[in-house]
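Chemist: Structure below; questions to follow.
Where a number appears in this text, it was derived from the coordinates with a stated rule and is not lab data. Worth saying up front: this structure is predicted, and the values here are computed from it rather than measured. Cβ coordinates were reconstructed from backbone atoms using ideal geometry, including for glycine residues, and neighbour counts include every protein chain displayed.
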Amino acid sequence: MIQQRVTKYIEKEHLFSLDAKILIALSGGADSVALLCILHTAGYHCEAAHCNFHLRGEESDRDELFAQAGAFIIEKDKASIGMLQRAFKIGFNRAARIMDQLAEAGVVGEEEGTKPRKILMSPEQFEEMMEQGY
């Protein structure tokens, strides 16, 4: 339904044709990712470029893997930088930044030496936090 509305609008306003190549600037937010999916599914030839416009305050500074990483560690019921590195095939610095962001959000506890961090949220609490736009 939404795809048909978007396609009709594009045609009505003569924004671009099906054979045009479109560069989509994505903030990483759900709305821009949804738009890319809608255009791609409708048959438009899209390329994506990640752009941080800082329109969402702190949310725009969060790593793109924040939500996936949070859900992953809650499911596993333990959290370590090494787990994130292996699961998401990322480097130490990025995994450490994500872990710090998860700690700031209250998803995991503070580091305790070499022990895995404690999980402080249930899957339901995490989902609710994400739905509220954290």
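Chemist: Could you please tell me the mean projected area of the C-alpha convex hull for the chain, averaged over all directions and given in square nanometres to one decimal? Present the calculation step by step, with values, prior to reporting the outcome.
Modeler: Working: hull surface 39.1 nm².
Projected over every direction and averaged, the Cα hull of the chain covers 9.8 nm².
Chemist: What list of ³J(HN,Hα) values in whole Hz, one per residue of the stretch 62-72 in order, does the Karplus curve 6.51 cos²θ - 1.76 cosθ + 1.60 (θ = phi - 60°) give from phi, with Gly and Pro shown as x?
Modeler: Per residue, the Karplus-derived 3J(HN,Hα) values read 5, 5, 4, 8, 3, 5, 5, 5, x, 4, 5 Hz.
Chemist: Is there a quick way to get the dipole size of the chain? I mean about its Cα centre, with the Cβ of Lys and Arg at +1 and of Asp and Glu at -1; what is the value in debye to the nearest 20? List each step's numbers first, then the result.
Modeler: Details: 15 positive and 21 negative charges, 89 e Å.
Value, rounded to 20: 420 debye.
Chemist: Once you place label points 7 Å from the Cα toward the Cβ at TYR9 and GLU104, how far apart are they in nm?
Modeler: Placing both labels 7 Å beyond Cα along the Cβ direction yields 3.2 nm.
Chemist: Hey, another quick one. In whole percent, what relative contact order does the chain give with Cα contacts below 8 Å and a gap of six or more residues? Mind dumping the intermediate values first?
Modeler: On the way: 137 pairs, mean separation 24.0, N = 134.
So the answer I get is 18 percent.
Chemist: If you stretched the chain out fully between LEU23 and GLU131, how much longer would it get, using 0.36 nm times the residue separation minus the C-alpha to C-alpha distance?
Modeler: Values: separation 108, 0.36 × 108 = 38.88 nm, distance 2.81 nm.
Value of the extension gain: 36.1 nm.
Chemist: Hey, another quick one. Under the rule of at least 5 residues apart or a separate chain, name every residue whose amide H is placed under 5 Å from the amide H of ALA48.
Modeler: ILE24
Chemist: Another question about this same structure. For a footprinting-style exposure proxy, rank TYR134, TYR44, TYR9 by other Cβ within 10 Å, fewest first.
Modeler: Details: TYR134 16, TYR44 20, TYR9 10.
Ranking TYR134, TYR44, TYR9 by Cβ neighbours within 10 Å, fewest first, gives TYR9, TYR134, TYR44.
Chemist: Taking the chain as a Gaussian network, where each spring joins two C-alpha atoms under 10 Å apart, which residue of PHE88, PHE72, PHE16 fluctuates the most?
Modeler: For the chain, modelled as a Gaussian network with Cα springs under 10 Å, the answer is PHE16.
Chemist: Which GluC sites (Glu not before Pro) does the stretch 66-128 hold that lie in a coil by DSSP with at most 15 other beta carbons within 10 Å?
Modeler: Values: sites: GLU75, GLU104, GLU110, GLU111, GLU112, GLU124, GLU127, GLU128; in loops: GLU110, GLU111.
When the GluC sites (Glu not before Pro) of the stretch 66-128 are filtered for loop state and at most 15 Cβ neighbours within 10 Å, GLU110 remain.
Chemist: With Cβ to Cβ distances under 12 Å as the rule, what net charge do the other residues near ILE74 carry (K, R +1; D, E -1)?
Modeler: Numbers: positive: LYS76, LYS78, ARG117, LYS118; negative: GLU75, ASP77, GLU124, GLU127.
With Lys, Arg at +1 and Asp, Glu at -1, the net is 0.
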